[in-house]
Amino acid sequence: MSHPLVPAPGLYLHVPFCLAKCPYCAFRSQPYQAAAGRRYLAAVAAEIALWRRHPLVRDCRFASLFVGGGTPTVLGLALPELLAACRQSFRLESGAEVTVEANPNTVDPGLLAALRRAGANRLSLGAQSLDNGELTQLGRSHDRTQVLAATAMAREAGFANLNLDLMYGLPGQSERSWQDSLEAAIALAPAHLAVYELTAEPGTPFAARVAAGQLRLPAEDRRLAMDGLAQDLLAAAGFERYEIANYARPGYACRHNLGYWANGPYLGLGPGAVSCLAGVRFENEGDLDRYCRRALAGSAPVARGEALTRGARFRETVILGLRRLGGVDGRELARRFGLSLETVYGPTLAALVEQGLLIREGEGLRLSAAGLPVANQVLAELV
C-alpha cells in the first residue's frame, strides 16, 4: 500500500523523434525516419506488454499520462494508436490528465481529433517564441502563423487544457520582443504557460557557438528583467506562478509535473526514460538501437538503476518541492521520511535563510522572491 503522503503514480512515454534537431536541445531525440519509427513502435509495444504484467505496476492507478519527446506528433496517426494502447494496458484514474506534446507544424485537425478520441485531454505546444526572427535563430521549423493556426485547431478539436512553451534569454532578444511574445501568447488564451530561460547546454551546437563567441546571450540583468516581466504580465492576465517556470489559470496546474515535484512514483517508457518505483530509480537504454534490440528480445531495456536511501529520497523531495512556489512542509517530510530539515541541513539551511534566499514560516520552507531568480544555485546547496 502506498504512503498516504505520496502522490499517485504518473506514467511517462518518451517519443525520441523530431522533424529536425534544434541546436539548443539536449533531450534524447533525433530526426524522424519512417523505418526507425516503425521499429520504435514495435519496441515500445513490447515494453508496454512487459510492464503491464509486472507486480510493481499491475495494481497501480496512474493519475497522469504524459507523452513527451522529442516531438511525439511526428508519428502522425500512429500516435493515437500508441496512446490508446497505453490506456488499455495501464489503469488510469477517472479523470486522469493525459498530455501530448506537439510542435505547431506537426498537427492537423485529423490528428488532433484522433488524439482526443484516444483520450488525450491536454495539449502542450512548443511555441518557444512568437517572433519569426527569434524562431529562425533558434533553428525552429515553424513560424508565428503556424503557432496561431495550431492553437485554433486545438480549440476546434476540444483541447480546453492547452499549454504553450515560451523561452526567454534568446540571442538578440530584447525586453520589447519578449513582451510582444508574452502578450501574443496571452491573447491566445491558453490554460497554462511554461516559461523557460534558454541555457547553452553542454554538448549542443548552441553551446559550441556561445563558447566560440559566435552567439551572445543577453546579460544576466536583462534575463532577470525578462523573468520579472513575465511574472508581472502573466499575473495581471490571471495566471498563477505555481512553480519556477510554470504559470496556470486556476485549476490548470499540470498534475503530472506536480506529482514529479512531490517526488512521487512514476513509470517511464521508451528510450532514455527514467522510472522511480518502490524506492528504486532506473533508466532505460538511451540509444534507440540498443533500446529496440533489448525490448524486442523480450527483456527490460534498463541500462542502470540504484536503490535510493531514505536520506537521498528526503533530499530529492526537498529539492523538487522547493521548485513549487509553495515550497515544502517540514511536518509532511517528517511523517514521510522520519527526518527533519534542520537535522539534515543544519548550518546550510540557516545560512540560506539568513541570506534571504529561503523563507522559513513555521514548518514551511520556500524560495524567497530573491531566491527564485537564482533557484538553481540555491538548490545546489541542498543537494
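The values are calculated or read from the model by the stated rules, or taken from the named source; none is laboratory data. Quick caveat: nothing in here was measured; it's all calculated off a predicted structure. Here Cβ is always computed from backbone atoms with ideal geometry, including for glycine, and neighbour counts include all displayed protein chains. Quick note on the areas: whole protein, heavy atoms, side chains included, nothing else; ligands and nucleic acids left out. Shrake-Rupley method; radii C 1.70, N 1.55, O 1.52, S 1.80 Å.
Here is how the numbers come out for the structure above:
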| read-out | value |
| --- | --- |
| Inverse mean reciprocal Cα-Cα distance (Kirkwood Rh) of the range 1-132, Å | 15.7 Å |
| Rg over Rh, two decimals, the range 81-142 (C-alpha only, Kirkwood Rh) | 1.10 |
| Which of SER89, SER181 is most accessible, then next, and so on - probe 1.4 Å | SER89, SER181 |
| Carbon and sulfur %, accessible surface of the chain computed with the full protein complex present, 1.4 Å | 52 percent |
| Order of exposure, largest accessible area first, which applies to GLU354, GLU183 with probe 1.4 Å | GLU354, GLU183 |
| Relative contact order of the chain, defined on C-alpha pairs under 8 angstrom at six or more residues apart (%) | 17 percent |
| Per-peptide average of other Cβ atoms within 10 Å, ordering 376-383, 254-261 highest first | 254-261, 376-383 |
| Magnitude of the charge dipole, the range 183-266, Cβ model with Lys/Arg +1 and Asp/Glu -1, debye to 20 | 180 debye |
| Estimated dipole of the chain in Debye, rounded to 20 [Cβ of Lys and Arg +1, of Asp and Glu -1, Cα centre] | 1300 debye |
| Solvent exposure of the chain as accessible area per residue, Å², 1.4 Å probe | 44 Å² |
| Contour minus Cα-Cα distance for GLU363 and ARG304 (0.36 nm per residue) | 17.6 nm |
| Euclidean distance of C-alpha centroids, the range 263-295 and the range 315-362, integer Å | 29 Å |
| Per-peptide average of other Cβ atoms within 10 Å, ordering 139-147, 297-305 highest first | 139-147, 297-305 |
| Accessible area, probe 1.4 Å, largest first, for residues TYR291, TYR242 | TYR242, TYR291 |
| Point-to-point label distance, SER174-ALA370, nm (Cα→Cβ direction, 7 Å offset) | 3.3 nm |
| Mean ellipticity per residue at 222 nm, deg cm²/dmol - from DSSP H runs of n ≥ 4 across the chain, formula -39500 (n - 2.57) | -12000 deg cm²/dmol |
| Compactness of the chain as Cα Rg over 2.2 N^0.38 Å, two decimals | 0.99 |
| FRET efficiency for ARG209 and ASP59, using Cβ-Cβ distance with R0 set to 45 Å, rounded to 0.05 | 0.35 |
| The range 131-188, relative contact order [Cα under 8 Å, separation at least 6], % | 43 percent |
| Relative contact order (%) - criterion: Cα under 8 Å, at least six apart; region: the range 274-383 | 21 percent |
